[in-house]
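Heads up: the structure comes next, in structure tokens.
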Amino acid sequence: MLEINKKLKDVKIQLDNNKYKCQICDEIVLLENKKLKCGNIASHKKEPALKKKFERQEKNVIKEKEKLQKTYTKLEEREEKMKLKIKLDSETKDYNLNTSLRNYIDPRIYKKWSDNEEIDWKKLYPATLQKKFLWVDPKSE
């Protein structure tokens, strides 16, 4: 849980960061409304090669932001699932949910049903429970 919280904080910090270094002039550029704002944008637009490089950087930054947003959403979902699992575990710790229902149903009911269906009732229970419930079958006593 702590690991997920730490990852969430790290991703949130990266998402909130809108400052990047321009690949052309090494100045800090800001990401605003899916557009990079550079102080030397006029000089970048003069040369087509620089303009393309700036546009590629802009696309890469936007892709990176979208990827971070997806990661953040997935981490939030994982955190929510873990919280629900912890809550469920704490609320059901008094119950053994792995125990078979056969242990709680009266074995006479199983015996009567198996007689109606012409099934040996011992096939419904493992060996330990067969020994425990021998009193159900009057033939075995």
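Annotation: extensible slack from Glu118 through Gln23 equals 26.1 nm (criterion: 0.36 nm per residue apart, minus Cα-Cα distance).
If you rank Ser114, Ser43, Ser90 by fewest surrounding Cβ atoms within 10 Å, what's the result? Show your work: numbers first, answer last.
Working: Ser114 15, Ser43 12, Ser90 8.
Listing Ser114, Ser43, Ser90 from fewest to most nearby Cβ atoms yields Ser90, Ser43, Ser114.
Taking 0.36 nm per residue of separation and subtracting the Cα-Cα distance, full extension of the segment from Asn5 to Lys139 would add 42.0 nm. With neighbour counts taken as other beta-carbon atoms within 10 Å, the residues Lys53, Lys139 rank, fewest first, as Lys139, Lys53. Gain on full extension, evaluated as 0.36 nm per residue between Glu64 and Lys35 minus their Cα-Cα distance, stands at 9.1 nm. Against the main long axis of the alpha-carbon atoms of the chain, helix 2-16 sits at an angle near 30°.
Hey, which of these cross-link pairs are over 32 Å Cα-Cα: Lys53/Lys81; Lys83/Lys111; Lys7/Lys87? If you can, show how the numbers build up before the last one.
On the way: Lys53/Lys81 42 Å; Lys83/Lys111 43 Å; Lys7/Lys87 22 Å.
In this structure, Lys53/Lys81; Lys83/Lys111 exceed 32 Å between Cα atoms.
How much space per residue, in cubic angstrom, does the convex hull of the C-alpha atoms of the range 2-91 take up?
Values: hull volume 7.5 nm³, N = 90.
In the range 2-91, the Cα convex hull volume per residue is 84 Å³.
Counting other beta carbons within 10 Å of each Cβ, put Leu2, Leu36 in order, fewest first.
Working: Leu2 6, Leu36 20.
Arranged by neighbour count, lowest to highest, Leu2, Leu36 become Leu2, Leu36.
A short reminder: the numbers here are calculations on the coordinates, not readings from a lab. Keep in mind that this is a model prediction, so the values were computed, not measured. Every residue, glycine among them, receives a Cβ derived from its backbone with ideal geometry; neighbour counts consider all protein chains shown.
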